[in-house]
Amino acid sequence: MDRPIRKAEIARKTKETDIYVCVELDGCGRADIDTGIGFFDHMLTALSVHSGISMTIRCKGDLYVDCHHSIEDTGIALGQALGKALGDKSGIQRYGTFYIPMDEALARCSLDLSNRPFLVFLCEFTNQSCGQYDLCMTEEFFRAFAFNAGITLHIEVLYGTNDHHKAEAIYKAVAHALKTAVTCNSDGSSLSTKGVL
């Protein structure tokens, strides 16, 4: 059975940000990222490479204010693109759970591509930022992403001391959980007792 190409584009422009996102779920994790925030680019590249989802992301935002709008709005657009690429979410494994060690830090992600958006985020950072990336925006990014993609998303850093390591472990754990969840199942059905998600 030939499966359709699972790809989607989103363009989103507001008075605060101008964003273009293209995702290809079976694209082997090619990353082309430019948000103007170096550490965020690093994290999104990890999300793309480790999930196997090719991502092109361009964001021009009001960074003279701070990084908030750019990061949150990127989460919105990326979530919308992922949701669009998944369609009715039939034919996928749906669930994914993964642990990622990053030196002294350990992060866990469990997610369900359920069409019932929810976020549990359990992580405390010590510092305010990594480069120009405000670490508090990690939770805001994943909230925007989950709610716009229709994901039940649980993220927890079990332990760790270095904030760079904790943040990177989070993004990579989400990536690997997502990689499992978007994998095509054997018969194209919806993994639900309801018959539809």
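Key figures
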item: Relative contact order of the chain, pairs being alpha-carbon contacts under 8 Å that are 6 or more residues apart, as %; result: 26
item: Packing-based exposure ordering (other Cβ within 10 Å, fewest first) of Val65, Val23; result: Val65, Val23
item: Long-range amide H partners of Thr183 with built H, under 5 Å; result: Gln93, Arg94
item: Prolate/oblate/rounded label for the chain (Cα gyration tensor, a/c 1.5); result: oblate
item: Part-to-part distance (alpha-carbon centres) for the stretch 93-163 and the stretch 51-85, which is given in Å; result: 16
item: Dipole magnitude of the stretch 7-181, debye to nearest 20 (Cβ charges: Lys/Arg +1, Asp/Glu -1, about Cα centre); result: 660
item: Antiparallel DSSP beta bridges within the stretch 7-181, as percent of all bridges there, nearest 5; result: 80
item: Counting all C-alpha pairs of the stretch 102-185, share separated by more than 21 Å (%); result: 27
item: Entries of Lys13/Lys84; Lys7/Lys89; Lys89/Lys179; Lys13/Lys60; Lys13/Lys166 with Cα pairs more than 21 Å apart; result: Lys13/Lys166
item: Packing rank of 124-130, 166-172, 97-103, where each peptide gets the mean count of other beta carbons within 10 Å, highest leading; result: 166-172, 97-103, 124-130
item: Cross-link reach list, lysines versus Lys172, counting only Cα pairs under 18 Å and skipping chain neighbours closer than eight places; result: none
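Readers should treat all values here as calculations from the given coordinates under stated rules, not as data from a laboratory. All values reported here derive from a predicted model rather than from experimental measurement. Neighbour counts run over all protein chains shown; Cβ positions are idealised from the backbone, glycine included.
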